[in-house]
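Working notes, structure below.
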Amino acid sequence: MRLRARPRFFLILISAMILAFCISFAVSQQSLSAGERELADANAERSALLDEVEALSAQLEFAQTDEYVVRVARDELGMLMPGEIRYVSAD
């Protein structure tokens, strides 16, 4: 007795395989899209951090100048240069 496969069996088998491949492809595409979004977020964060580092470097460079020392002495400490007179208004 010999078992014989019918064409309908092969059609069902091929359809199931195609469905499995389509599902696998969709899951892979979804994972790839999530990875791309994560990469874009990381690049945006990196760019923001680089801008912040650049701004902080400029601040540090300015903090090492005489102009910064004079500004801090005048604005924050209320000091005057020799020969200057402080005027206080009654406002």
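The values are calculated or read from the model by the stated rules, or taken from the named source; none is laboratory data. Please read these numbers as outputs of a predicted model, since none were measured by experiment. As a convention, Cβ positions derive from the backbone with ideal geometry for all residues, glycine included, and neighbour counts pool all protein chains shown. For accessibility, only protein heavy atoms count, side chains too; no ligands or nucleic acids. Shrake-Rupley method; radii C 1.70, N 1.55, O 1.52, S 1.80 Å.
Below is a table of values for the structure above.
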{"quantity": "Order of exposure, largest accessible area first, which applies to L80, L60 with probe 1.4 Å", "calculated": "L60, L80"}
{"quantity": "Charge dipole (the chain, unit charges on Cβ, about Cα centre) - positive-most of L32, L56, A42", "calculated": "L32"}
{"quantity": "Modelled FRET efficiency - R0 25 Å, V53 with A73, Cβ distances, 0.05 increments", "calculated": "0.35"}
{"quantity": "0 to 90° range, to nearest 10: angle between helix 7-63 axis and the chain longest Cα axis", "calculated": "10"}
{"quantity": "About the Cα centre, charge dipole magnitude for the chain (Lys/Arg +1, Asp/Glu -1 at Cβ), debye", "calculated": "1860"}
{"quantity": "The chain, accessible surface, carbon-and-sulfur percent (1.4 angstrom probe)", "calculated": "61"}
{"quantity": "Probe 1.4 Å, accessible area per residue of the chain, Å²", "calculated": "99"}
{"quantity": "Compactness of the chain, expressed as Rg and Dmax over alpha-carbon positions, Å", "calculated": "36.1, 120"}
